[in-house]
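The values are calculated or read from the model by the stated rules, or taken from the named source; none is laboratory data. Computed from a prediction, not measured in an experiment: that's the story for all the values here. All Cβ positions, glycine included, derive from the backbone under ideal geometry; neighbour counts span all protein chains shown. The protein model used for the area step is the full one, side chains on, heavy atoms only, and it has no ligands, DNA or RNA in it. Shrake-Rupley method; radii C 1.70, N 1.55, O 1.52, S 1.80 Å.
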Amino acid sequence: MEFSFSYIITLIRELLFTPSEFWKAQKEKKDGSGMLWLTYMLPILLVAASAVFVGEFFKRTDFFIEYPLLKALREIALFILQYFISVFITAELMKTFGAEKNAEAARRLVVYSMTPLLLVSIITGLFPFLYVLDILGVYSFYLFWLGAKELLSFPENKEHSYILITIVANFFVFSFLSVFLSKLLNAYY
């Protein structure tokens with residue numbers, strides 16, 4: 001897997017603007033995606049965490065560094081925990097719905113479908129007053145839907161149930177982690 005910011009930007013552009021072609025290309029790739037979160041998601045996440053830090057730092061009147069730093073760390077913890085839990089749920093539910101368990105496909109589905117959430121986090125991190133843009137993260141569900149249809153094969157009519165239940169489960173996990181980490185941050189600070 002190649003690592004450069006121009007490569008990541010190219011992947012993001014392809015994923016967001018031509019998702020069907022993107023997922024078809026992903027299906028044809030045979031390289032392992034074990035390091036995908038490290039070479040694709042983590043750089044985007046670090047940019048998002050930096051944006052949260054800068055946005056929180058300049059929003060405050062006291063210019064203390066502790067709270068913005070904790071908010072940035074919360075962002076990193078949220079997305080890393082979400083990644084690992086979602087990969088586990090996505091892969092385990094494959095067996096439940098009669099598909100062959102495919103951890104590589106689960107990793108790709110999770111990492112690439114989290115991209116809109118990460119991009120929205122960059123914008124709302126820098127400009128916290130634009131929090132209404134968080135609704136754009138719903139595009140992640142559409143990307144997951146398209147990717148699952150392309151990368152996975154299920155027996156008769158179980159595909160839609162799998163996709164819907166996996167999206168709901170991952171959304172619940174994301175919501176729980178977000179609220180839990182926010183409460184933990186607020187309890188500390």
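Classified by the C-alpha gyration tensor, the stretch 120-189 has an oblate form. Its axis ratio a/c, with a ≥ b ≥ c, is 1.5 or above, and a/b does not exceed b/c.
Peptide packing for 152-159, 117-124 was compared via the average number of neighbouring C-beta atoms within 10 Å per residue; ordered from the highest value, the list is 117-124, 152-159. With all protein chains kept in place, the per residue accessible area of the stretch 64-155 amounts to 46 square angstrom at a probe of 1.4 angstrom. Solvent exposure of Ile76, expressed as accessible area, is near 40 Å², computed with a probe of 1.4 Å over the protein chains only. Between the amide H of Met35 and any residue lying 5 or more places away or on another chain, no distance stays under 5 Å, with hydrogens modeled in the peptide plane.
Please determine, in degrees from 0 to 90 and to the nearest 10, the orientation of helix 139-151 with respect to the longest principal axis defined by the Cα atoms of the chain, where the helix direction is its Cα long axis. Relative to the chain, helix 139-151 is tipped by roughly 30 degrees.
Derived scalar couplings between HN and Hα for the stretch 42-47 equal 4, x, 5, 5, 5, 5 Hz in order, rounded to whole Hz, by the Karplus curve 6.51 cos²θ - 1.76 cosθ + 1.60 (θ = phi - 60°), x for Gly and Pro.
When only alpha carbons are used to place a centre, the stretch 92-142 and the stretch 65-85 end up 16 Å from one another.
Protection proxy ranking, highest mean first, for peptides 173-179, 99-105: 99-105, 173-179, where packing is the per-residue count of other beta-carbon atoms within 10 Å, averaged.
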